[in-house]
1. For segment 817-936, compute Rg over Rh where Rg is the Cα radius of gyration and Rh is the Kirkwood radius from the inverse mean 1/r over Cα pairs.
2. Using a basic spin-label model with each label point 7 Å from the Cα along Cα→Cβ, how many nm lie between residue 631 and residue 807?
3. Say each of residue 322 and residue 939 gets a label point 7 Å from the Cα, pointing the same way as Cα to Cβ; how far apart are those two points in nm?
4. For segment 187-286, what % of the accessible area comes from carbon and sulfur atoms, probe 1.4 Å?
5. Show me 365-378, 607-620, 415-428 ranked by packing, highest mean number of other Cβ atoms within 10 Å first.
6. Normalising by the residue count of segment 132-240, find the relative contact order in percent from Cα pairs under 8 Å and 6+ residues apart.
7. If we sort 576-583, 627-634, 911-918 on the protection proxy, mean other Cβ atoms within 10 Å, highest first, what's the order?
8. If you project the alpha carbons of segment 290-420 onto their three principal axes, what span does each projection cover, largest first, in Å?
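The values are calculated or read from the model by the stated rules, or taken from the named source; none is laboratory data. Small disclaimer: the values here were computed from a predicted structure and weren't measured. Backbone-built Cβ (ideal geometry, glycine too); neighbour counts: all protein chains shown. The protein model used for the area step is the full one, side chains on, heavy atoms only, and it has no ligands, DNA or RNA in it. Shrake-Rupley method; radii C 1.70, N 1.55, O 1.52, S 1.80 Å.
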Amino acid sequence: MTTTSEQPCYTLINISMDSEPPNEMQLKNDIENGDANAKREALKKLMYLILNGEKMPSLLISVIRYLLPMKDHAIKKLLLIFWEIVPKTHPDGKLLRLTTSQRIHPWIDLRFLCKLKQPELLEPLMPSIRGCLEHRHSYVRRNAVLAIFTIYKNFDFLIPDAPELIHNFLEQEGDASCKRNAFMMLIHVDQERALDYLSTCIDQINTFNDILQLVIVELVYKVCHTNPSERGRFIRCIYNLLQSSSAAVRYEAAGTLITLSSAPTAVKAAASCYIDLIIKESDNNVKLIVLDRLIALREDPRHEKVLQDLLMDILRVLSAPDIEVRRKTLELALDLVTSRNVGEMVLVLKKEVSKTESVSEHEDTGKYRQLLVRTLHSCSVKFPDVAAQVIPLLMEFLSDTNELAAADVLVFVREAIQRFEQLKPLIISKLLEVFPAIKSMEIHRAALWILGEYCTSVEDIQSLMNEIRNSLGEIPIVDDEMKKAAGEDTEEESVAVTGQRLVTDMGTYATQSALSSAPAKKSEESRPPLRGFLMDGNFFLGSCLSTVLTKLALRYIALRKDITKQNTFLAESMLIMSTILHLGRSGLAKKNITNDDLDRIALCLKVLAERHPVMSEIFGEKCRGSLDAMLLAKQEETKNTEKDGFEKKVVKVQADDPINFMQLLAKADSGNSEDQLTLSLTLATMGTPAKKDTTSLTQSKLSKVTQLTGFSDPVYAEAYININQYDIVLDVLIVNQTSDVLQNCSLELATLGDLKLVEKPQPMTLAAHDFCNIKANIKVASTENGIIFGNIVYDVSGAVSDRNVVVLNDIHIDIMDYIVPAVCTDAEFRTMWAEFEWENKVTVNTNIGDLREYLKHLLGCTNMRCLTPEKAISGECGFLAANLYARSIFGEDALANVSIEVPSDSSPGTPVCGHVRIRAKSQGMALSLGDKINLSQKKDQATN
C-alpha cells in the first residue's frame, strides 16, 4: 500500500507545487530562528513533506522546543494537525518517549485526542479527560463526552466504567448538546442504560431540545426494529414527538411511526404530520420530499383507506405557490378520490379555478389552470355524476387567452358529450353561448367540430348556422372587403382636404392640396372572429368549417321535409364555402389558400351538390364512430395502466420463497430486506443510481471500468466510472510498474463539455510496484456528451530529470446515464415540437430489416418512450411513423420522430431506410442524442 495510507490522517492541506521542496536544514533554521510568519510557513512545509513520506525525525525536537511553547493561535491549530500526521513510533515499532511541560488545552485537544490511535499516549491523560466532564463550559463537557466515547470504542480497557460514568453525567447534565452526545454514546455502547434513562424522562420528551429528540427517535427505531416486543413500550414516545416544535423531529418521528406500526391510527397520525409539514414549511424542496413520502405511503394498499379520509387535508397543500408541488398534490388526490369524497374535492377544485381568474396572469398560472382542468376531467370520467357541476364552470375557459387550459376543456367536453348522453343538451347550449367569445383559432376550430358533430336537432342546427354567419360578417367576403378598401363605406373612414399657398420660381402663386384619409380605429380588430382568422390566411379553419357545414346540411335535409327550407339551407352553406374559396384565391388574405384546403372545400361542395347516400353515411356516422373507437382505445389503455400499477402494489410472498440473507446479496437484489435506516443512510451518502442494475455488483463495476494507459507504460491506470444524479465519481487505480519510488504522483484532469472538476486530487507517493486509488469528483450541469482527459505526472525518487508525464486515454461520458423515459400528451408533444429550435436529422443506416424490430432497438439504445399507441403501429404496411419522448434528470426534454420504411422493390431481409428527427431545447442535447443514435443503429449480428 502507499506510504500515506499507513499513517492515520484526517486533514488535507493543499500546498502549491510551483516552488522547490525545502530541505531539512532550512526548515530547522526557520523553526528555531524565524519570526512567527516564518515558523508558520516552515511548519506547513514540514507537514507537507511528512504527508509525502518523508520522516525527518530530527525536526521533532525543534518543534517541541520552539513551537509548542508559543502563544500564536495559528501555530497551535497547525500543531494539532502536526501531531496527527507525525510518526509516533521508532522504526522497530516502539512508541517515542518525549516529555514536555506543556498543559493540554481542554477543548481543542479533546477533539484532537479522539484521533489518536496509540493507547500509550492516551493512558496518562485519562484523569484529565474525566475531569473535563465537570468543566464549567458546556463546549468542553460536550467534547469530553465525545473523547470518552471514542476512547471507549477503540480502547475500552482505558476507561472500563465509561457507560456508568456517562449515564450519571446524563442524569445531572442540563445542557442540550452535552445530553445529546452522552445519549448518543449510550445508544452505541450500552442500549439498556439508554433505555433506562429514556423510561425515566419519557413524559418530558416534548421539553427536550430538538437535537436530543432526534437521537431519541433513532434509539426507538433501532430498539423496536431489533426487538419488536418493545414497540408498545415506546410507541407513545413517538406519538409525543409528532407534536414537537422542530420540523425535522416531526418528520423523523412520522417516518419511524409508520415503520413501527401499520395500525390505521398510527398511519393517520403520521400522514397528518406530513401534511402539516408540507403546509407550514416554506422551502419547496422540503415540500417535495415530504410529499414523496405521502405518495410512497399511498402505494401500500393497507394505508390507502386511511389516506382517502385525509383527502381534504391533502388538498390544503394546493395553497403552495410552486407548480411542481401542486402537480404532485393533484396526482395524489386523484388517486385517492372515491365516490364518498368526490363532491367535496370538486368543490375545492372549483374554488381553486376561481382563484386563478382573480390573480394576475403569470407563467405558472396558466399551467396550474391546465392541471385543474385535467383533474376535473379525470374526476368526471371516473364519477359521471359530478360532470354536470363541472362543465358550466369549465366552459368559461374557452374564451381564455391561455390555449393550454382551453384545449384541455375541449378534450374533456368532446369525451363527455360522447360518453354521457344526458349531458348533451347542457353542453350544446353552453358551447353555443360561449362560442362568440372564443379568441383562439385552434379552440374555434375544435369547438366548431364538436358543435357540427353533435347538433342533431333543427333548433340547434339553426342556432349554430346563425353563430357562423355572425362570426363571418357580411358575405360575400371579398366584395365586402373590397368596398371597405375602396373607401365606399363612409362610416369606416373620413377624408380631409388641406391647402397651402406657395410661390414658384417664376414668381407666380400656386396652391398645393393634400388628401388625407383617417381609417377607422382598430379596423382589423373589429372584424368578426372567423373572418379575422381567414384574413390572416388560416384557411385550414375554412376547410374545417366546410366539413361542419356539410354535416349540418345533410342532417338538416334528413330532419326537414320542407323542400324550400332544405334548398335555402343548402344554398347558404354552399355560398359560405364558395366565398371562402374566392377569398383564398383573391390575394386579399395574408396567405393564399393551400391546395389541400382547396380540394377539401371543393369536395364538400360536390357532396352537397350530389348528396350521395354513401357520402352522407361517411359524414353523418363514420366520423363519430372513429371518435368512439379512439376514446375506447384510450379508455382501455388507461385501464391497463391502472391494472399494472395495482399489480405492482400487491405484495406477494409465497411460503416456499427463498430467504434472502443481506450479507450474501448484491446491492441490486437487496430489496426491502435491508434495515431501512441503514439503507437510507447508504442512499444519502452514496447517492441514488441513475439506472437500476439487474446484474450483480461485480459485473456492473466491470462494465464501467475504462483503461486509461497501456500495459507497458511505467504507470498503469484504469478508472471505474460511478455516475450519480448530478455528479460523476472517478475511482482511478494507479499502479507503479517500475522499481523506483514515485514521488508527487498526481492525477491531473480536465473536462470538455458541461462538466466541472470539483477539486484537484491530492498527490501521492508510490513505492516500487505499489498501487493506490485516487478519487475525483466531477459536477454535471446539463445533458450532453462530455469528455474527461488528463495526465499522470510524477517524480522519480533520487532522479534529477524533469517531471515525468503519462498521457491518459479520454473518458467519454454517455448521455444515456442522464436520460429516462417520460410521458406527455399529444398536444404537449406538438407544442414542444413547435417551440424547440434545435433539430438534428439522422439518416437511418442499419442492418435491421424489420420495422418493429428497429423501433424496439432504437428505444433500448436511447432510453426513450414510444408515445404512439401500439395499435397505431401494429400491422404490416411497409411504413412506420412513431413519436418518442424522454426527459433528462435536469428537466430537459428530448423529442424524436421516427419515419422509416421498407423499400417496395427490395428483397426479404433488406435493411429499413428513413430518418429520425430529433428536437431539443438545447443544442448539446440534440447533437448528443443524434450521435448516440448514429453509433448504435446497427445491431450486433450475434444477437439477431
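1. Details: Rg = 14.1 Å, Rh = 14.6 Å.
Rg/Rh: 0.96.
2. 6.8 nm
3. 4.3 nm
4. On the way: 2090 of 4460 Å².
Roughly 47 percent, rounded to a whole number.
5. The densest-packed peptide leads the list: 365-378, 415-428, 607-620.
6. Over segment 132-240, the number comes to 21 percent.
7. On the way: 576-583: 21.0, 627-634: 13.4, 911-918: 18.8.
Going by the mean number of other Cβ atoms within 10 Å, highest first, we get 576-583, 911-918, 627-634.
8. 44, 35, 18
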